[in-house]
1. With all protein chains present, calculate the accessible area of residue 20 using a 1.4 Å probe and round the result to the nearest 10 Å².
2. Please list 3J(HN,Hα) in residue order for region 64-81, calculated via the Karplus relation 6.51 cos²θ - 1.76 cosθ + 1.60 where θ = phi - 60°; whole Hz, with x for glycine and proline.
3. Taking the Cα centre of region 106-170 as origin, work out the dipole magnitude from +1 charges on Lys and Arg Cβ and -1 charges on Asp and Glu Cβ, in debye rounded to 20.
4. Go through region 150-157 residue by residue and turn each phi into a ³J(HN,Hα) via Karplus (6.51, -1.76, 1.60, θ = phi - 60°); whole Hz please, and just put x for glycine and proline.
5. What percentage of the solvent-accessible surface of the chain, computed with a 1.4 Å probe over protein heavy atoms, is contributed by carbon and sulfur atoms?
6. Please report the spacing between the Cα centers of region 154-183 and region 62-122 in Å, no decimals.
7. For a quick check of understanding: with a 1.4 angstrom probe and all protein chains in place, what accessible area in square angstrom does residue 188 have, to the nearest ten?
8. Strictly greater than 13 Å: what percent of every Cα pair in region 73-123 meets that?
Amino acid sequence: MEKFSKLSGIVASIELSNIDTDMIIPKQFLKTIKRTGLGKNLFFEMRYDEHGKKINDFILNKSPFDNSKILIAGKNFGCGSSREHAAMEPRHLGIKAVIVKSFARIHETNLKKQGMLALTFENENDYDKIQEDDYFSFTDLESFSPGQQITLEIIHKDQSKESIKLNHSFNSQQIDWYKNGSALNLIKANNQL
């Protein structure tokens, strides 16, 4: 995956808690061992009807949210079985950061392996500050390090701004995954030395 050190853009909000890995990618799409065609099945049963047509009201099917690189959700994101595909799907759709109230531990690590930012709100009430047309800007990714919070600037539709703090549980090795675009990219780079 492509690495990044700056991130800003409109946010897609899925206002649910306990989003499990089967909601993220249903089991019928776990047959592939290739890395092609991923992304289109993200939240399949919420994004498409029984005939495979897009459900227009779902956030990731609406413009401009269909191009969002930042996803937010409630508590216990990624619970259920530990599916690598559930972390690969959002990344292949272009999502680079997932901000939630809390993660299921294994899914959080799988997102990190994909080079994504897996972040939680320092103050869960900050989740309620986010409005549908908000623009997010991460202001200090260049200094991303273990134990140091990340600052997120929220720019509302009326151009008012708020800054909130986000927590992470990245260790030094996991930050290297992020800086290289994924754990596999880091392994590949180390093997070329």
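1. Around 50 Å² of this residue is reachable by solvent.
2. In residue order, the calculated couplings are x, 5, 5, 10, 5, 9, 10, 10, 10, 7, x, 7, 6, 5, x, 6, x, 5 Hz.
3. The calculation lands at about 320 debye.
4. Going residue by residue, I get 10, 9, 10, 9, 9, 10, 7, 4 Hz, with x marking Gly and Pro.
5. On the way: 4580 of 9850 Å².
Its accessible area is 46 percent carbon and sulfur atoms.
6. Taking the Cα centre of region 62-122 as reference, the centre of region 154-183 is 12 Å away.
7. Only protein atoms counted, so the area is about 130 Å².
8. Summing the P(r) tail past 13 Å for region 73-123 gives 49 percent.
The values are calculated or read from the model by the stated rules, or taken from the named source; none is laboratory data. If you're wondering where the values come from, they're calculated on a predicted model, not measured in any experiment. Counting neighbours? That spans all protein chains shown, and the Cβs are built from the backbone with ideal geometry, glycine included. Quick note on the areas: whole protein, heavy atoms, side chains included, nothing else; ligands and nucleic acids left out. Shrake-Rupley method; radii C 1.70, N 1.55, O 1.52, S 1.80 Å.
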